[in-house]
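Structure first, commentary second.
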Amino acid sequence: MTAPGGVDVLKPVRADLPRPAADEVRLRQTAIGVNFVDIYQRMGLYPVPGMPAVLGVEGAGVVEAVGTEVKAFRIGDRVAYAGLPLGGYAEARNLPTSRLVRIPDGIDDQTAAAAMLRGITAHMLLDRVCPVRQGMVVLVHAAAGGLGLILTQWAKRLGATVIGTVGSFDKAELARSHGLDHAILYRETDFVAEVRRLTNGTGVDIAYDGVGGETLTRTLDAMKPFGTVISVGQAGGSLPAIALGELGPRRSLSLARPSFLAYAGDPKSYARATAALFEQLGRGLKIKIGAELALSDAATAHLRLEQGATVGSILLRP
């Protein structure tokens, strides 16, 4: 990434990779996750350490060299990671061992790379920000996206009824095949009115919104009193200014804006979330990979993600 801007600022380059530091490994990557955080950083909405920058906060691969103090990993180990430092859009990279999670047998590298960021985010939302309990009703915007499909399955396992917004009949069918109870085609139906109808006028306990813009503002009207709206992105527009009075006496709502990078940056949270994620994967949590492109096609991957032209997760192939 040569400067903040459009996809034209992404350029493939050759670079020499130094030997790993004492507490690092060199990872030969086999799969790289593409996420909205990458787009926000490319556009300048989120800061990067400096320019030029290598984007990417999620991937998987094989350890091919270890630092002098590394004891927990050996050459040949399959590992995955998510979170800072940046640098995932690369054939190989050095990473501190604190970021690495060993991939269990039976889970392939592509699934691990596609699951890490979204799975950790789902754990943050379901377990930390507002714990989901049996009998709750939750609303998932973009339910056919990578995060939406994971949230839907995991929330169902916790005993929730899940309502989701989707952009097409095909996406509705995909989300239903992952456990969604009710699909709302938001282009054809007022999602607030439909949520009210489906809940007999009461609204939902929790709403997860990665769209932003008017969708976030309107979601306030789909909530139960004392419900929680969780904003996790702005794929559809900038975040609106919401006055505290909009949450207050009439609605009695909570509004959360948690950060995946902050959650993944805490060692205890990262360990708990990754352990829970791989447990869920072992129990059959399905990860949908909607597209896999060459590393040199990172710009195309960004465009597809921005345009909502993908379902599930999107990967780059080194």
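Scan (1) modelled with pLDDT under 95; (2) surrounded by fewer than 21 Cβ atoms within 10 Å (Cβ to Cβ); (3) not polar (S, T, N, Q) for the single condition residue 311 breaks and write down its number. The single condition residue 311 does not satisfy is (2). Residue 195 meets all of the listed conditions (1) in contact with a Gly (Cβ under 7 Å, 6 or more places away or on another chain); (2) within 30 Å of residue 58 (Cα to Cα); (3) of a type in the set (A, V, I, L, M, F, W, C); (4) without any contact (Cβ under 8 Å) to a residue 60 or more places away in the chain but one, namely (2).
If you go through region 88-107 and keep only what is buried (at least 19 other Cβ atoms within 10 Å of the Cβ) and either in a loop (DSSP other than H, G, I, E, B) or not assigned by TED's automatic domain parsing to the domain that holds residue 281 (or both), you end up with 88, 89, 90, 100, 103.
Could you look through region 134-148, keep only residues that are of a type outside the set (Gly, Ala, Ser) and buried (at least 24 other Cβ atoms within 10 Å of the Cβ), and pick out the one that is nearest to the chain's Cα centre (by Cα)? Selected residue: 147.
Within region 113-147, the set of residues being small (Gly, Ala, Ser) and either more than 26 Å from residue 29 (Cβ to Cβ) or part of a loop (DSSP other than H, G, I, E, B) (or both) comprises 135, 142, 143, 144.
Table: residues versus (1) touching a residue at least 60 places away in the same chain (Cβ under 8 Å); (2) assigned by TED's automatic domain parsing to the domain that holds residue 29; (3) touching a strand residue (DSSP E or B) at 6+ places or on another chain (Cβ under 8 Å).
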{"site": "209", "(1), (2), (3)": "yes, no, yes"}
{"site": "212", "(1), (2), (3)": "no, no, yes"}
{"site": "218", "(1), (2), (3)": "no, no, no"}
{"site": "239", "(1), (2), (3)": "no, no, yes"}
{"site": "244", "(1), (2), (3)": "no, no, no"}
{"site": "287", "(1), (2), (3)": "yes, yes, yes"}
{"site": "294", "(1), (2), (3)": "no, yes, yes"}
{"site": "297", "(1), (2), (3)": "no, yes, yes"}
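So for region 62-73 (the condition being crowded, with 22+ Cβ neighbours inside 10 Å, part of a strand (DSSP E or B) and not assigned by TED's automatic domain parsing to the domain that holds residue 160), does at least one residue qualify?
yes
Against the conditions (1) buried (at least 24 other Cβ atoms within 10 Å of the Cβ); (2) of a type outside the set (Ser, Thr, Tyr); (3) not in a loop (DSSP other than H, G, I, E, B), where does residue 110 fall short? Just the number, please. Looking at each condition in turn, residue 110 falls short on (1).
Would you check if residue 172 is within 23 Å of the chain's Cα centre (by Cα), buried (at least 17 other Cβ atoms within 10 Å of the Cβ), closer than 15 Å to residue 288 by Cβ and not basic (Lys, Arg)? So residue 172 fits the description; yes. Kindly indicate whether residue 17 is aliphatic (A, V, I, L, M) and loosely packed, with under 14 Cβ neighbours inside 10 Å. Criteria met by residue 17.
Within region 232-264, the set of residues being farther than 22 Å from residue 86 by Cα and not in a loop (DSSP other than H, G, I, E, B) comprises 244, 245, 246, 247, 254, 255, 256. Taking residue 30 as the residue in question, decide whether it is part of a loop (DSSP other than H, G, I, E, B) and among the polar types (S, T, N, Q). No.
The values are calculated or read from the model by the stated rules, or taken from the named source; none is laboratory data. Please read these numbers as outputs of a predicted model, since none were measured by experiment. As a convention, Cβ positions derive from the backbone with ideal geometry for all residues, glycine included, and neighbour counts pool all protein chains shown.
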